[in-house]
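The values are calculated or read from the model by the stated rules, or taken from the named source; none is laboratory data. Predicted model, so just to flag it, every value in this text is computed and none were measured. Cβ: placed from backbone, ideal geometry, glycine included. Neighbour counts: every protein chain shown.
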Amino acid sequence: MSSPVSYERKGNVGVITVNNPPVNALGHAVRQGFANGLKTGLADDGAKALVVIGGGRTFPAGADITEFGKPLQEPGLTEVIDGFENSTKPVIAAVHGTALGGGMEIVLGCHFRVAATTAMCGLPEVKLGIIPGAGGTQRLPRIVGAQTALEMITSGNFIKAPKALKMGIFDELIEGDLEEGAVAFAEKVIAENRPIRKVSELSVEADSDVFENFRKGIARKSRGYLSPFKCIDSVENATKFPFDEGMAKEREIFIECLSSPQSAGQRFMFFAERTASKVNDVPKDTPLRDLKTAGVLGAGTMGGGIAMNFLNAGIPVTIVEMAQEALDKGIGIIRTNYENTAKKGRLTQEQVEERMALLTGTTDMNDLASVDIVIEAVFENMEVKKDVFAKLNGICKEGAILASNTSTLDVNEIASVTDRPQDVIGLHFFSPANVMPLLEIVRGAGTAKDVLATCMKMAKKISKVGVVVGVCEGFVGNRMLHGYLTQSQRMIEEGATPAQVDKVIFDYGLAMGPFTMADLAGNDVGWRIRLGKLSDEERAERSYTGTIADRICDIGRFGQKTSKGWYDYKTGDRTPYPSDEVLSIIEDVRRDKDINARSIEDDEILKRCIYALVNEGAKILEEGIAQRSSDIDVIYIYGYGFPPYRGGPMFYADQVGLKNVYADICKFQETHGDVWEPAPLLKKLAEEGKSFSDL
């Protein structure tokens, strides 16, 4: 087997090139190739300097994370980098594409660094629950200072080459051919007899307050995470200890993080997100439909947010409303959103105008006749949506994709009013649609494979994480959420308080608990749906769990928008305060239902909420509504605020052990009835000693 790393001399310069598609990951063969390339270059009397460069589309973009947790095959990355830094000949890193993680650490270990003007670099290890483990936390602060290093390493964000040049990471940017420019730079180093510069020999100092202030500054954003704070510890070590000692401590911290459940969860999600982009029965080479223009039906909060996704991607949008006043209001909100983003420095005013210029408003549905895709974002009512699709069927051109932004309704029934069910699909955006990354792509019975493939590609184009799901009420996310919310309601009937339930869920890592979430979304939304679906007799039944929720809505406690919901709110303050009125309502319901309140432990609250998700998720898998358990985890991470370091509800259940989850669910069934009947798939896997990941 040939080495992925080659050596060639060009003039006085030896060029070490790695070709390990697609991203030149630093697996064992590449590391060994680098070591061999350096050895060859040092032995080549005609080479007075060495250039390290990536072939293909990028410099090494990180470690091969499939090797994590496996026995290390020498040489390790640290040894490779030390070899470059201790070279007796100048070593120049030449960067194009992205130099990330271990690739960035190689760059920092070289004596000089040049880059293409379009290159980017960064240390994103924190996003995998680890810290840079090959000198990143020790060398970077020696170049850019402790504060900037902390910002880069704890965020994991990429830095563009021009900015990196100003920061001192790069010595020069190369216009045109990178290899030619790097060789020319190396020849200049040789001609000028520039001394070798070892980053490890530079000093770095910072007051201890820098680190304490930084910990406080990220405390809220990084709540529950381990690795960002370990990154701070390691950068601080660079200011407190000699380089070699700092490196030893960096390695200890790296191993600690790598061995943690958090890193396991975050690394799982890294692969799960990529796996979700694959549709099992849709070949990679499926032809795609053109998506050069889009239409959005409805200019309300959801429709406007959906339109912004396409505008951000440079795709012209025609947005339709029934009344001019509603249309003007919707377009005005879109502009305001962009203007606010510009005020924060995230867009230029020119970019705001470019986006708005792509938007056309109309009150005539016939203006959608030529668009490539139309997304309906009208009221969540089946008859309304069927009426809309019947009209679109007669208006839209042949081959146009007809999509519904439904969150619960049957896409097949919606498609039934058209004569082209192959073109109909569900695209469930999450609110706010211009912010939330998840897109549930709902596959109808007749949805064509090229429509699925096109929508998956479109999701990436508009910066969404697309996950294909099947048709059932609530699809994957909302169907699972129903059991979670039902259990939270049952537990406050049984003796818990809203604040106790919310605290348990918040401490587990979600952004908010179910009752705070309900107040934010508006309690009246679910209330009106329940009123429309259930008879008075059904609502009076002992097993009905919406009694308390109904009663707080009966007296106008709709949530934050009315300054009172499950909690009380002060004007201009979103902080929830326990409500005596709500606690009194809870007591009244317990009396009416003859429930003797009991003390409920936090552990029970957590299990009943999370295991309700898991049990329903197992049913969804068995029914084929989701392709794989990891897809469910992606949906919950990106759509419902599940903490990434938990890896999603299904991965979390695997970590706990399905035997343990199943045993607890059986106990809940004995105590609370058949609402806790274990999913057959969960029972089967538990009895066989398997996990969801084995499917």
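Data for the structure
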| quantity | calculated |
| --- | --- |
| Selection from segment 305-346 of residues that are touching a strand residue (DSSP E or B) at 6+ places or on another chain (Cβ under 8 Å) and without any contact (Cβ under 8 Å) to a residue 40 or more places away in the chain | L327, D328, G330, I331, I334 |
| Failed condition for V582, given (1) closer than 19 Å to Q489 by Cα; (2) in contact (Cβ under 8 Å) with a residue 60 or more places away in the chain; (3) not in a helix (DSSP H, G or I) | (3) |
| From A186, A206, A182, residue being buried (at least 17 other Cβ atoms within 10 Å of the Cβ) and either under 27 Å from the mean Cα position of the chain (by Cα) or within 30 Å of Q262 (Cβ to Cβ) (or both) | A206 |
| Qualifying residue in segment 384-402 (condition: closer than 23 Å to D419 by Cα and among the aromatic types (F, W, Y)) | yes |
| Within segment 370-392, tally of residues that are of a type in the set (G, A, S), part of a loop (DSSP other than H, G, I, E, B) and farther than 23 Å from M456 by Cα | 0 |
| Of all residues in segment 245-284 being part of a helix (DSSP H, G or I), among the small types (G, A, S) and more than 20 Å from the chain's Cα centre (by Cα), the one that is surrounded by the fewest Cβ atoms within 10 Å (Cβ to Cβ) | A248 |
| Some residue of segment 286-301 being in a helix (DSSP H, G or I) and in the same structural domain as L402 (by TED's automatic domain parsing) | yes |
